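See below for the structure under consideration.
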Amino acid sequence: LADVVSEFARTMPSDSSVQAIIDHLVERIIKILPVSSAGVTLLPRTNEHRYVAASDASALGYELLQRNLDEGPGILAAISGVAVAAPDLGSDQRFPTFGPRALRTGLGAMFTFPLRHAGHRLGALDLYRDSAGPLTPKAMGAAQTVADVVTAHLINAHASENPRDGFDDIKQTALRDELTGLPNRTLMLDRLALALLRSQFTGR
């Protein structure tokens, strides 16, 4: 888990745009976790285009298919705010339209993790596998942790790009508990990633 968080923090430029962050996420996540491809779709806000990123053409196809059908594990995770595992799309009855169509193009399993914070749902990180089978609990936990850390980057980048679109409220609560104002888990993970990065240079 520490390796996954450190890897993303080490390779993510601090002044990146929203699109650059999700592009970087899908590029890096497939190199750290046992998946075939990855994609991200961010939920659109008022008067905003929808951000989409994919590690390859097949992942882009799955992202667009879910969006066009308004169905799929990524849609469910983004709306519910809860991770969704579909280790065997052939036997999963939750996605009656997306499942069969994705199977015909070679998708075997899908795991998706919400990009959310403090009640705000930004979208989902979708991980695709060509063959059916579960991810280990360690890989599932690592993916959700990366998704949580990426959310903080996205909130800050979005607020910088769109200072008057209401994202300032999200930015204010992104790293602190809404009730107490104390640092939250996302801030702790962000600081941990920075500490891990520093340790590689200092040896401490």
Sort all Cα-Cα distances of the stretch 62-150 into consecutive 5 angstrom bins from zero, then give the percent of pairs in each bin up to the one containing the longest distance. 3, 15, 27, 26, 17, 10, 2, 0
Considering only 96, 134, 73, give the residue with the highest GNM mean-square fluctuation for the chain, with springs between Cα atoms whenever their separation is below 10 Å. 96
Compute the projected area of the convex hull of the Cα atoms of the stretch 1-107, averaged over all viewing directions, and report it in nm² to one decimal place. 7.7 nm²
On average, how much accessible surface per residue is there in the chain, in Å², for a 1.4 Å probe, leaving out ligands, DNA and RNA? 49 Å²
Rounded FRET efficiency, nearest 0.05, which uses the C-beta distance separating residue 199 from residue 50 and R0 of 25 Å: 0.05
Work out the length of the dipole vector of the stretch 20-88 about its Cα centre, built from +1 on the beta-carbon of each Lys and Arg and -1 on the beta-carbon of each Asp and Glu, and round it to the nearest 20 debye. 180 debye
Under a point-charge model restricted to the Cβ atoms of Lys and Arg (+1) and Asp and Glu (-1), what is the dipole moment magnitude of the stretch 53-129 relative to its Cα centre, in debye to the nearest 20? 80 debye
Whenever you get a sec, compute what percent of the accessible area on the stretch 24-87 sits on carbon and sulfur atoms (1.4 Å probe). 54 percent
Calculate for the chain the 222 nm mean residue ellipticity that helices alone would give, adding -39,500 (n - 2.57) per DSSP H run of length 4 or more and normalising by residue count, nearest 500 deg cm²/dmol. -16000 deg cm²/dmol
Taking 8 Å as the Cα distance limit and 6 or more residues as the minimum spacing, I'd like the relative contact order of the chain as a percentage. 22 percent
Please list, by residue number, everything in the stretch 142-159 whose backbone N is under 11 Å from a paramagnetic label point 7 Å out along Cα→Cβ of residue 177. none
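The values are calculated or read from the model by the stated rules, or taken from the named source; none is laboratory data. Fair warning: this is a prediction, and the values are worked out from it, not measured in the lab. As a convention, Cβ positions derive from the backbone with ideal geometry for all residues, glycine included, and neighbour counts pool all protein chains shown. Accessible surface is based on the protein model in full, side chains and every heavy atom, while ligands, DNA and RNA are left aside. Shrake-Rupley method; radii C 1.70, N 1.55, O 1.52, S 1.80 Å.
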